[in-house]
Amino acid sequence: MKRRFLCFTALLLLSNLLQGQVQPTWESINERGYPQWFSDAKLGIFIHWGVYSVPAWASLEGYAEWYYRGLMTNDDRKDFQERIYGKDFRYEDFAPMWKAELWNPNEWADLFKKSGAKYVLLVSKHHDGFCLWPSKYASGWNSVEVGPHRDICGELTEAVRKQGLKMGFYYSLPEWKSDIHRWYVDPDDQISTYVDTHMIPQFKELVTKYKPTILFTDGEWRNSAKQWHATELISWYYNTVGKDAIVNDRWGDGQQHGFRTPEYSAGITLTDRPWAECRGLGRSFGLNRNEPLENYMTSDELIRHFCVLVAAGGGMTLNVGPAADGKIPLLQQERLLELGKWLDINGEAIYGTRPYKKFYEMKLVTISRIDSIIDFDWKRNSPDPAISCDHFQAHWQGVFTCPDDNYIFEIQTDDQARLLIDDQEVIWDARKQPWSSIHLSAGQHKIGVFYVENDLEATIHLYWSSPTMPKQLMDGFRMGTMLPAQGLKASYICEQPSVCYTQGKDALYAIALDYPEDQLVLNVDKPADDMKVTLLGCPKVLPWKYQDGKLYIDTGGLKHNDIRSTAAWVFKMK
């Protein structure tokens, strides 16, 4: 009888234990939900550092961490490598050159703490398969056996956690160099052996060894979540690490879980899951020595963009690309420290806040300039720093001269564009009808091109040809029949936030992205009569009135030495 009771008790305990476990189904995983700390954190640091940090080279807008892929496709990185390192030099030869001789993980962790970040994401393995820990599944191709001869994952995890920050890892699901399955080379439907014998064991090795609080998987897009065994791995990870663990949303087609990760965007407004935009200070994650200064966000631009993301309920995972020696470039350090100084003053309007019922006050922004040609590949950029990188419009107009002939006009674009010649619609939507033919008489003709950019990449090119002229980019424009100036009159238009709202701790915060010299006008609900308004960093209580559905905050009494912030100014209403 006693033995039966003990067996029953053991089975009951096991049943209760299993009930507390996350099961390998989307329903169970989603029921488990997301830890609150991530939604409260708002800011994390991404680190792309590896073998690719030795050449540290890509096109002006390229991803330097995709260096090996450039060698595979024989793009300009192949030419660069042969010119600098010789024709017999291989990608593998960079690994011993990655010395990390100046790397101090405690210096990094201290910098990240000062930036105001609450978590760190290190690329433990990028698509080249090189591991930053002593993985037995990457023999001879990891940071302990070659290059730095150090356990990068382990040392940085210890340093970051000493600073009280959460530690996580980026992990590439596929690999370009695997002997079992080469990503982008071998058939996508023949990946199962690689997944079963290499990826899953290595994934579990990394998690078991370091217990990362965050897992950011990547490279999923050519396969399904089922092929990656997403539900099995996510549930196993959650059960292994515990309640604070969180994963991202890059698990293949059919995934139904994970914090969203928009990349180099104007942010998103989805609030069904936590989200954090991932981006670099420049246009590459890994250090790109070929990148021009203008690609880098200024400190003010970084702060304002961060506020826009937080107001919509998101956050930012901001990347640094260290040099091969282990030093984070000084410009990147400066940007992080400037963001940290701003957060020291205004952090209460960021950390732990929630979106207000409206995210922003919007303003219309228009930029006018002369463009000599329509030949743009903005990628993740915008035409001007004042214009949003997503959701903008462009309009070009001018005149051109041509001989009598039949012409073919063509627009190559990723979004909607239309072409008018002499006010006649020639191309109505270049995505559906990229080219059209028209007969033009000799002389001058008006031209108008309209472009609407939605999100992600932004590109537009205008070509023309005739029986006597090969296809070429169209040029030779003038501003108008009476204006001799060369080029097209270009107008770029978008809406940009002028004020961002957050709320928390019984207070509403209005983050002004343009300093209000005399007054700040807000479209908010009528406040209580005893509400106090202050500028964070200043003890003064500001006068206000509510009239015709708008709140008017008098800022005229603020003096220069009352204003401690730059870039964005936070008004607290409580």
Candidate aspartates and glutamates for bridging to Lys432, where Cα separation is under 16 Å - those fewer than 8 sequence places away on the same chain excluded: Glu410, Asp414, Asp415, Glu453
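Report the calculated FRET efficiency for Asn30 and Thr240 (r = Cβ-Cβ distance, R0 = 22 Å), to the nearest 0.05.
On the way: r = 19 Å, r/R0 = 0.84.
Given R0 = 22 Å and the Cβ-Cβ separation, E is 0.75.
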Calculated Rg and Dmax of the stretch 41-348 using C-alpha coordinates, Å: 18.5, 56
For Asp88, Asp196, order by how many other beta-carbon atoms lie within 10 Å, fewest first: Asp88, Asp196
Amide N of the stretch 495-532 lying under 15 Å from the label point, which is placed 7 angstrom from the Cα of Thr298 along Cα→Cβ: 513-515
Span-rule helices in the chain, defined as complete DSSP H runs reaching 30 Å or more along the axis (Cα) with Kyte mean at least 1.6: none
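Which net charge results when you count Lys and Arg as +1 and Asp and Glu as -1 among the other residues whose beta-carbon is under 15 Å from that of Phe38?
Numbers: positive: Arg32, Lys42, Lys118, Lys166, Lys243, Arg260, Arg273, Arg354; negative: Asp40, Asp244, Asp249, Asp272, Glu277.
Result for the neighbourhood of Phe38: +3.
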Rough spin-label spacing in nm, given labels placed 7 Å along Cα→Cβ, for Lys357 and Lys99: 6.2 nm
Full-extension gain in nm, Met531 to Lys432, via 0.36 nm per residue minus C-alpha separation: 30.1 nm
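Pairs of Cα atoms under 8 Å, at least six residues apart: use those to get the relative contact order of the stretch 410-484, whole percent.
Working: 110 pairs, mean separation 24.5, N = 75.
It rounds to 33 percent for the stretch 410-484.
Could you give the length gained by full extension between Thr271 and His149, i.e. 0.36 nm per residue of separation minus their alpha carbon distance, to one decimal place? Can you show the working numbers first?
Numbers: separation 122, 0.36 × 122 = 43.92 nm, distance 4.31 nm.
Here the answer is 39.6 nm.
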Exposure proxy ranking, count of Cβ atoms within 10 Å, fewest first, for Leu462, Leu440: Leu440, Leu462
Separation between Cα centres of the stretch 244-298 and the stretch 360-405, rounded to whole Å: 25 Å
Flagged links, alpha-carbon separation over 27 Å, of Lys379/Lys572; Lys177/Lys226; Lys211/Lys379; Lys162/Lys204; Lys532/Lys559: Lys379/Lys572; Lys211/Lys379
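Tell me, in nm to one decimal, what length is gained between Glu232 and Thr459 on full extension, where the rule is 0.36 nm per residue of separation less the Cα-Cα distance? Show your work: numbers first, answer last.
Details: separation 227, 0.36 × 227 = 81.72 nm, distance 3.95 nm.
Full extension from Glu232 to Thr459 adds 77.8 nm.
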Among Ala245, Gln332, Gly129 - extreme Cα towards positive end, dipole of the chain, charges at beta-carbon: Ala245
Charge dipole of the chain about the Cα centre (unit charges at C-beta), most positive-ward option of Leu473, Phe392, Ser565: Ser565
10 Å-binned pair-distance histogram of the chain (Cα, whole percent): 3, 15, 22, 23, 19, 12, 5, 1, 0, 0, 0
Point-to-point label distance, Ala386-Lys136, nm (Cα→Cβ direction, 7 Å offset): 6.2 nm
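Calculate the dipole size of the stretch 197-289 relative to its Cα centre from +1 charges on Lys and Arg beta carbons and -1 charges on Asp and Glu beta carbons; express the result in debye to the nearest 20. Write out the running numbers ahead of the final one.
Numbers: 12 positive and 10 negative charges, 50 e Å.
Charge dipole of the stretch 197-289: 240 debye, to the nearest 20.
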Gap separating the Cα centres of the stretch 226-241 and the stretch 549-574, nearest whole Å: 48 Å
Average Cα contact separation per residue, the stretch 362-494, under 8 Å, 6 or more apart, as relative contact order %: 41 percent
Eligible aspartates and glutamates near Lys505 by straight Cα distance, threshold 14 Å, same-chain separation 8 or greater: Asp40, Glu348
Per-selection Kirkwood Rh - the stretch 505-573 (Cα, Å, 1 d.p.): 12.3 Å
Given charges at beta-carbon only (K, R positive; D, E negative), |dipole| of the chain in Debye: 2320 debye
Cβ-Cβ FRET estimate between Val521 and Lys559, R0 fixed at 22 Å, reported to 0.05: 0.55
Theoretical FRET efficiency, 1/(1+(r/R0)^6), r = Cβ-Cβ of Ser192 and Asp404, R0 56 Å, to 0.05: 0.35
Mean separation of Cα contacts under 8 Å (6+ apart) over length of the chain, as relative contact order %: 13 percent
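Laboratory data are not the source of any read-out in this text; all were calculated from the coordinates shown. Just so you know, these numbers come straight off a predicted model, no measurement behind them. When we count neighbours, we look across all protein chains shown, and the Cβ atoms used for this are built from the backbone with ideal geometry, even at glycine.
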